[in-house]
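The values are calculated or read from the model by the stated rules, or taken from the named source; none is laboratory data. The shown structure was predicted, so the numbers you read here are calculated from the model rather than taken from an experiment. Glycine gets a Cβ as well: all are built from the backbone with ideal geometry, and neighbour counts include every protein chain shown. Ligands, DNA and RNA are excluded from the accessible area calculation, which covers all protein heavy atoms including side chains. Shrake-Rupley method; radii C 1.70, N 1.55, O 1.52, S 1.80 Å.
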Amino acid sequence: PRSSLLAGGSRALLTLSPLSPAAVVGAGLGGSATAYFLQQHFGPQVQLDVYEAESVGGRLATVTVNKQQYESRGASIHALSLHMQDFVKILGLKHRREVAGKSAIFSGEHFVLEETDWYLLNLFRLWWHYGISFLRLQMWVEEVMEKFMRIYKYQAHGYAFSSLEELLRSLGGEAFVNMTQRSVAESLLEVGVTQRFVDDVIAAVLRSSYGQSVLVPAFAGAMSLAGAQGSTWAVEGGNKLVCSGLLKLTKANVISARVTGISLHSSEGRALYQVHYESSEGQGSAFYDLVVVTTPLHPSRSNFTFENFDPPIADFPGAFHPSVTSVVHGYLNSSYFGFPDPKLFPFTSILTTDTPDLFFHAMDNICPVNISAAFRRKQPQEAAVWRVLSQQPLGKQQLKTLFRSYYSVQVAEWQTYPRYDAAKALPPIVLHENLFYLSGVEWVASSMEMVAVAAKNVALLAYNRWHQELEKIDQKDLMHKVKTEL
């Protein structure tokens with residue numbers, strides 16, 4: 001009887017051919033989270049190759065000033081970011097200690113809104129200036145976030161979506177899909193937020209997060225506004241530790257190479273993907289059952305080729321928005337902001353309104369990624385490390401305007417965020433049978449948690465398709481289904 005059992009067992013195995021190997025292109029947060037979730041679902045036997053041309057962590061990078069490291073971008077994570085919270089817990093990382101500071105919104109001539117030490121007074125000021133707009137904004141953001149949070153329940157039950165539209169529809173119906181096609185200004189004016197509040201407050205928040213105006217789509221806007229009013233946190237030692245940690249945990253094989261293209265072959269009636277790459281050793285290629293591309297595929301960003309696909313994989317629409325981060329170690333010129341005595345300058349973070357003459361989007365006095373218990377912020381008259389976000393690199397004159405003098409300036413130019421011109425179709429997730437694209441999610445909204453949610457979705461989608469569990473893909477009426485499953 002034992003041999004017949006074995007025979008039955010091996011037949012079952014043949015129908016469920018194990019997945020191996022799989023490739024992930026890119027080792028930023030998207031790539032490392034995808035590798036982690038693929039291994040979670042397919043099991044530890046999956047051999048994972050992760051290709052990265054530059055350094056692990058992608059945009060989650062740090063710069064060094066005076067032997068201390070500082071985040072050069074992607075700095076804060078929203079309190080409701082459940083996947084990011086999980087990663088930190090699993091990897092044994094810690095939340096960085098919060099160092100209090102105040103923000104204000106600058107119009108180029110004066111501060112239109114200033115934060116105080118006293119929360120109630122802040123609320124009163126907002127109320128005094130903007131009436132009920134502030135409440136309406138909060139209700140609008142809360143409603144969007146509440147529906148968005150459903151994704152965690154769906155994912156915990158193994159449900160996945162084959163397109164960004166389907167994912168949005170399952171969370172908030174057509175209204176959510178429409179929110180990627182119309183501006184945040186239009187949506188807020190519709191719920192009774194005043195134009196003045198949009199121009200002063202909403203514009204400043206979007207400039208500081210996306211470097212763009214209130215014409216950003218409503219969904220991306222809601223996500224960025226949720227981050228601005230909720231409590232946020234960051235990882236002790238730098239957010240990029242999440243990426244290196246996840247890759248170590250999955251024992252992924254990180255290949256230091258730039259992927260140049262993917263060509264399709266088939267073996268025994270199944271798709272086989274050949275990944276072509278260039279490394280310091282020259283050109284190479286390898287074959288995979290499954291590939292997830294987590295780097296942007298827009299012509300402006302990559303010259304990536306797809307060969308032998310029929311129908312061919314179309315070009316990706318849309319462009320990226322250049323943004324420049326300057327990390328400046330120097331003395332703030334507080335008199336530019338109307339404070340002739342630098343000792344009296346109370347703000348650690350300055351947002352700006354959409355004023356033609358303003359050459360920067362936001363600036364903040366940043367703390368190192370490792371904060372000791374004894375750490376204190378520099379006094380406003382002392383030299384500090386400021387991160388300035390702008391569209392163009394800052395000229396000498398502009399640096400002189402913001403700083404009385406400075407020791408060093410480190411500049412990073414990024415094509416970070418999509419140029420959110422509304423009314424673009426969202427990029428696809430499925431490029432071919434077992435070939436997936438992650439970065440399209442940034443056209444819905446760009447944040448660390450959005451990328452982590454998309455990574456979990458891609459891993460579940462790949463798993464459900466591989467095992468033909470089609471009832472777990474693009475299910476309608478999930479709210480009801482998940483309730484009855486609990």
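Among all the lysines, which ones have a C-alpha under 29 Å from K343's C-alpha, if same-chain residues fewer than 8 places away are not counted? Reachable lysines: K67, K102, K378, K396, K400.
Distance distribution P(r), the range 148-279, all Cα-Cα pairs, bin width 10 angstrom from 0: 10, 22, 28, 27, 11, 3, 0 percent.
Applying 1/(1 + (r/R0)^6) with r as the Cβ-Cβ distance of R125 and V411 and R0 = 30 angstrom yields a FRET efficiency of 0.25. Based on Cα atoms of the range 376-486, Rg over Rh with Rh as the Kirkwood radius reads 1.20.
By the scheme Lys and Arg +1, Asp and Glu -1, what is the net charge of all other residues having a beta-carbon under 12 Å from that of G30? Combined, the nearby Lys, Arg, Asp and Glu give -1. Each DSSP beta bridge with both residues in the chain is either parallel or antiparallel, and the antiparallel ones are about 70%.
Just so you know, the Cα atoms of the range 154-210 work out to an Rg and Dmax of 15.0, 44 Å. With coordinates expressed along the principal axes, the C-alpha atoms belonging to the range 66-182 extend over 49, 45, 27 Å, beginning with the largest. Principal axis extents of the C-alpha atoms in the range 20-99 (largest first, rounded to whole Å): 45, 30, 18. Between the exposed loop cleavage positions of the chain, defined as trypsin sites (Lys or Arg not before Pro) in a non-H, G, I, E, B DSSP state with at most 14 neighbouring beta-carbon atoms within 10 angstrom, the longest gap is 103-250.
Per-residue ellipticity at 222 nm, computed for the chain from helices alone with -39500 (n - 2.57) per DSSP H run of at least four residues, works out to -10000 deg cm²/dmol.
Its Cα gyration tensor gives the chain an equivalent ellipsoid; the semi-axes, largest first and in whole Å, are 42, 26, 21. Applying the Kirkwood pairwise sum to the alpha-carbon positions of the range 217-286 produces a hydrodynamic radius of 16.5 angstrom.
For V46, V191, the ranking by accessible surface with the largest value first comes to V191, V46, using a 1.4 Å probe. Scanning the chain for chymotrypsin sites (Phe, Trp or Tyr not before Pro) lying in DSSP loops with no more than 12 further Cβ atoms inside 10 Å, the longest uninterrupted stretch between such sites is 119-374. Along each principal axis, taking the top coordinate minus the bottom one, the Cα set of the range 378-421 gives 41, 23, 17 Å in descending order. Under a straight-distance cross-link criterion of Cα-Cα below 29 Å, which lysines are reachable from K456, leaving out those fewer than 8 residues away in the same chain? Within reach: K89, K94, K147, K153, K240, K248, K251, K424, K472, K476, K481, K483.
Spin-label model, S55 to Q379: label points 7 Å out along the Cα-to-beta-carbon direction sit 3.4 nm apart.
For the range 245-337, GluC sites (Glu not before Pro) are listed when DSSP marks them as loop and at most 10 other Cβ atoms sit within 10 Å of their Cβ; the list is E268, E281. If each Cα of the range 326-380 is one equal point scatterer, what is log10 of I(q)/I(0) from the Debye formula at q = 0.19, 0.28 Å⁻¹? So the normalised log intensities work out to -0.82, -1.33. Counting only whole DSSP H helices of the chain, the ones at least 24 Å long by C-alpha along their axis and with mean Kyte-Doolittle hydropathy no lower than 0.5 are 448-466.
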